[in-house]
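Take a look at the structure set out below.
The values are calculated or read from the model by the stated rules, or taken from the named source; none is laboratory data. The structure presented is a predicted model; accordingly, all values stated were derived computationally and were not measured. Every residue, glycine as well, gets a Cβ built from its backbone with ideal geometry; the counts of neighbours run over all protein chains shown.
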């Protein structure tokens with residue numbers, strides 16, 4: 001199902017996020033999938049993290065990402081194929097497999113109430129020097145190791161562009177980080193600095209920051225971390241890294257974040273592309289776990305979010 005949805009989106013090429021949500025939901029329901037609220041939006045965000053879609057949530061537009069072959073960090077000769085998967089591209093991969101290309105397809109492990117994401121396609125290689133030629137044969141770009149390269153260039157977190165305040169009479173919510181389960185709560189006035197959420201005149205739900213009397217556009221995830229930094233709330237507990245067991249794995253481990261403080265889009269894609277697989281969701285402790293994350297990458301992610309990396313590396 002996930003592969004069919006990605007092929008459909010890839011053939012479309014681009015469009016509005018609203019239309020994509022409607023299409024994804026309709027196709028999923030036609031397969032009698034038991035969908036939970038917001039499943040279509042989560043599918044889009046998961047495909048964005050896996051490098052298949054590029055999404056601008058502020059403008060409500062999306063496009064199929066260009067195809068790319070990228071090495072995974074220290075993953076025993078495995079590279080991930082990400083990006084658009086049109087019918088023509090899938091035929092090209094199948095033809096390459098009939099020759100000598102080894103493609104390992106790893107199915108989704110997301111909860112059953114979510115729409116399955118496409119299988120992860122991992123290419124096995126002997127020499128990394130040959131990957132550029134493999135990518136060219138498949139008609140995609142080659143990236144030596146996206147996770148490591150992108151992490152090195154992560155900018156420090158900052159508010160988005162200036163924005164207009166909520167319209168008079170709007171129903172406005174303010175994010176409360178002091179509650180046991182942080183959440184948006186309704187407010188009558190919005191004079192205090194903080195992260196707010198409301199619907200614009202076009203009915204789209206948006207998040208904005210209020211800083212020193214000025215409003216700024218921001219995604220919810222970025223806004224949460226900007227609020228954590230402003231309020232100085234337990235910085236060590238928000239991102240945690242734990243070293244993996246095994247010989248030669250000292251520099252690699254699990255990056256763990258809480259459900260209520262998910263990584264912003266770019267940081268999440270970098271963490272996901274350390275394996276090419278969706279993260280693991282732990283309902284018991286309400287955590288999100290990314291595996292095979294180099295310590296240096298985890299530190300760059302934390303620094304970009306103005307956080308101190310916690311956990312244990314001994």
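Of all residues in the range 68-85, those satisfying the criterion of being in contact with a strand residue (DSSP E or B) (Cβ under 8 Å, 6 or more places away or on another chain) and under 15 Å from residue 3 (Cα atoms) are 81, 82, 83, 84. Put simply, of 95, 45, 85 the only residue that is touching a helix residue (DSSP H, G or I) at 6+ places or on another chain (Cβ under 7 Å) and at pLDDT 90 or above is 85.
All conditions in (1) outside any loop (DSSP other than H, G, I, E, B); (2) modelled with pLDDT under 90 hold for residue 178, with the sole exception of (1). Just to verify a result, which residue in the range 151-172, among those that are in contact with a strand residue (DSSP E or B) (Cβ under 9 Å, 6 or more places away or on another chain) and not in a loop (DSSP other than H, G, I, E, B), is nearest to residue 295 (Cα to Cα)? Out of the qualifying residues, it is 151. Being surrounded by 13 or more Cβ atoms within 10 Å (Cβ to Cβ), in contact with a strand residue (DSSP E or B) (Cβ under 7 Å, 6 or more places away or on another chain), modelled with pLDDT under 95 and not in a helix (DSSP H, G or I) is a property that residue 111 lacks. Among the residues of the range 264-306, the ones that are farther than 20 Å from residue 50 by Cβ and part of a loop (DSSP other than H, G, I, E, B) come to 6 in all.
Quick check on residue 210: is it touching a helix residue (DSSP H, G or I) at 6+ places or on another chain (Cβ under 9 Å), touching a residue at least 12 places away in the same chain (Cβ under 8 Å), outside any loop (DSSP other than H, G, I, E, B) and crowded, with 17+ Cβ neighbours inside 10 Å? No; evaluated as a whole, the condition is false for this residue.
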